[in-house]
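Written out below as structure tokens is the structure these notes cover.
The values are calculated or read from the model by the stated rules, or taken from the named source; none is laboratory data. Predicted, not measured: the structure shown is a model, and the values here were computed from it. Heads up: the accessible areas ignore ligands, DNA and RNA and are worked out on the full protein's heavy atoms, side chains in. Shrake-Rupley method; radii C 1.70, N 1.55, O 1.52, S 1.80 Å.
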Amino acid sequence: MGKEKTYKRIIELSTQKFFSSGFSKISMDEIVKELGMSKATIYRYYNSKSELCSAVINNFFGEIESIIFELKEQNISTYDRIYLFMEKLSIKLDAISIQAANDIETTAPYLYKEFMDKRKKVILDNLASLLDEGKKSGEFRSDISEVLVANMIFASVSRLSSKEFMINNNFSYSEILRGILNVIIEGYMSKDI
């Protein structure tokens, strides 16, 4: 089996395991057994479970970056690109169980911080870029900074997608993101459209 195919198999299974069960509940032995490979093989790719989980996080956000790249190639409005980006992002985030997120935060806080930092950067950078495109095309108002609007969306998403809010109010990421976009982006739309 080629290196790329082995890497892909390891990342796919590890993503499923870490994002459904968490960090402490998964062992390298379990991953190796399910993959049907030797420990030596997996350790050629990753020196530790932490390094593997970090690779899972990087791959996760790399996939999100690919989504935004594909959306930028589509001949649709900027508003639709933003909506589709946030919708696809929410689907990916919905795949991470709350129990797994809790476990990673508790047992591997450095990995949780890495995840949250990457989430912030990917969302803010891509939203600001899309909002700037919309401003240049006349879809969005030119009197309000796209960085401000991107941060308003991110702050709303961060607060409303907290574990406590989601558990206490029984909302999914998709429902939260849809509501935020409808309220904030509608107010940012140009009056000419």
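Some notes on this structure:
- Nearest 10 degrees, 0 to 90: helix 146-160 Cα axis against the chain principal axis: 50 degrees
- In degrees, nearest ten, helix 3-21 long axis to first principal axis of the chain (Cα): 80 degrees
- Using 0.36 nm per residue and subtracting the Cα-Cα separation, the extra length available between Ser172 and Asp29 on full extension is 48.2 nm.
- Gaussian network model of the chain, Cα within-10 Å springs - most flexible of Asn182, Asn170, Asn58: Asn170
- Whole-percent carbon and sulfur share, accessible surface of the chain, 1.4 Å: 53 percent
- Computed with a 1.4 Å probe over protein heavy atoms only, the accessible surface of the chain comes to 52 Å² per residue.
- Rounded, prolate or oblate (a/c below 1.5 giving rounded, otherwise prolate when a/b exceeds b/c) for segment 104-172 by Cα gyration tensor: oblate
- Dividing the alpha-carbon radius of gyration of the chain by the rule-of-thumb value 2.2 N^0.38 Å gives 1.16.
- Solvent-accessible surface ranking, highest first, for Arg141, Arg81, Arg159 at 1.4 angstrom: Arg159, Arg141, Arg81
- Stretched out straight at 0.36 nm per residue, the stretch from Ser162 to Ser77 would grow longer than its current Cα-Cα span by 27.6 nm.
- For Phe140, the residues whose amide H sits under 5 Å from its own are Lys135, Ser190, ignoring neighbours fewer than 5 places away on the same chain, with H placed 1.01 Å from N.
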